[in-house]
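This is the structure, below, for whatever I ask next.
The values are calculated or read from the model by the stated rules, or taken from the named source; none is laboratory data. The model shown is predicted, which means the values in this text are computed figures rather than measured ones. Neighbour counts are summed over all protein chains in view; Cβ atoms, including those assigned to glycine, are modelled from backbone coordinates with ideal geometry.
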Amino acid sequence: MNKIQKMKIKEILSETISQINDARYQYYVSDLIENDVVLSMKNYIQHGTTTTFDHCLSVSYYSYKIAKKFNLDARSVARAGLLHDLFLYDWHKVMEKKPLFQKHGFTHPKAALDNAVKYFNLNDIEKDIIEKHMWPLTLRKVPKYRESIIVTMVDKYCSTRETFAPLVEKIRKLNFIIRKQYL
Ligand SMILES: [Fe+2]
Ligand SMILES: [Fe+2]
């Protein structure tokens, strides 16, 4: 990626984040959102047509809103939500022939945590959120904090929505065509 491309992406990102009209959220994640490592998640598809970056942004923001409502550590939730899938590879292309417990679903929380601590300073709640976000799939990695449980649940919600989004869109278009032709 050259400098101009990077600047362009940062510009788009600034727009994305300003659309999330919450000054406190923006303040909590502003340094992460413009970091090149975090930005590189835009290069990978997570579910359906959603990039890993967009997935993390959704998980981060919705989890932050819930944490704020329950007077929990919304800052840690927002930041760790944004980093929870920082594994930095195309998971569709790797690990397919590996044994079950070495497949992406089981191993990527550790990969994401390793990357996150390599590039950023994380507190214990943030580390727990990233490491345990695939629970209950990762049976022994039980979330320790209420903040971690929120991200775990929101991650499942966003993942399901993103996976089915292309199908929902197709049905919507088909419905539109049928209505136009026959009604
Ligand atoms: Fe994940
Ligand atoms: Fe995720």
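Could you please give the count of residues in the stretch 69-101 that are touching a residue at least 40 places away in the same chain (Cβ under 8 Å), away from ligand 2 (no atom under 16 Å from the Cβ) and assigned to a helix (DSSP H, G or I)? Full working, then the answer.
Let us first name the residues in the stretch 69-101 that are touching a residue at least 40 places away in the same chain (Cβ under 8 Å), namely 70, 72-86, 88-92.
Cutting the leftovers down to away from ligand 2 (no atom under 16 Å from the Cβ) gives us 70, 72-76.
This time we only want the ones that are assigned to a helix (DSSP H, G or I), so: 74-76.
The qualifying residues number 3.
Also: Could you please let me know if Asp114 is in contact (Cβ under 8 Å) with a residue 12 or more places away in the chain, part of a helix (DSSP H, G or I) and under 28 Å from Glu34 (Cβ atoms)? Working first, answer last.
On the way: in contact (Cβ under 8 Å) with a residue 12 or more places away in the chain: no; part of a helix (DSSP H, G or I): yes; under 28 Å from Glu34 (Cβ atoms): yes.
When the stated conditions are applied, Asp114 does not pass them.
Closer than 15 Å to Ser63 by Cβ, of a type in the set (Asp, Glu) and either within 16 Å of ligand 2 (Cβ to nearest atom) or in contact with a helix residue (DSSP H, G or I) (Cβ under 7 Å, 6 or more places away or on another chain) (or both) - does that describe any residue in the stretch 131-151?
Yes, because at least one residue in the stretch 131-151 is closer than 15 Å to Ser63 by Cβ, of a type in the set (Asp, Glu) and either within 16 Å of ligand 2 (Cβ to nearest atom) or in contact with a helix residue (DSSP H, G or I) (Cβ under 7 Å, 6 or more places away or on another chain) (or both).
Here is a further query. With respect to the numbered conditions (1) modelled with pLDDT of 95 or more; (2) within 18 Å of the chain's Cα centre (by Cα), which one is the sole condition not fulfilled by Val142?
Unmet condition: (2).
Here's a follow-up. When the residues of the stretch 30-67 are narrowed to those that are within 13 Å of ligand 2 (Cβ to nearest atom) and β-branched (Val, Ile, Thr), which ends up nearest to Ile150 (Cα to Cα)?
Val59
This table checks each residue for (1) at pLDDT 80 or above; (2) within 30 Å of Gly105 (Cβ to Cβ); (3) not aromatic (Phe, Trp, Tyr).
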{"site": "Lys10", "(1), (2), (3)": "no, no, yes"}
{"site": "Gln19", "(1), (2), (3)": "no, no, yes"}
{"site": "Arg24", "(1), (2), (3)": "yes, no, yes"}
{"site": "Ser30", "(1), (2), (3)": "yes, no, yes"}
{"site": "Ile33", "(1), (2), (3)": "yes, yes, yes"}
{"site": "Ser40", "(1), (2), (3)": "yes, yes, yes"}
{"site": "Ser60", "(1), (2), (3)": "yes, yes, yes"}
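Can you tell me which of Leu72, Leu86 is more than 13 Å from ligand 1 (Cβ to nearest atom) and at pLDDT 95 or above?
Step by step, each of Leu72, Leu86 is checked, and only Leu72 is more than 13 Å from ligand 1 (Cβ to nearest atom) and at pLDDT 95 or above.
Looking only at the stretch 44-63, which residues are within 13 Å of ligand 1 (Cβ to nearest atom), polar (S, T, N, Q) and within 15 Å of Pro166 (Cα to Cα)?
Of everything in the stretch 44-63, those that are within 13 Å of ligand 1 (Cβ to nearest atom), polar (S, T, N, Q) and within 15 Å of Pro166 (Cα to Cα) turn out to be Gln46, Thr50.
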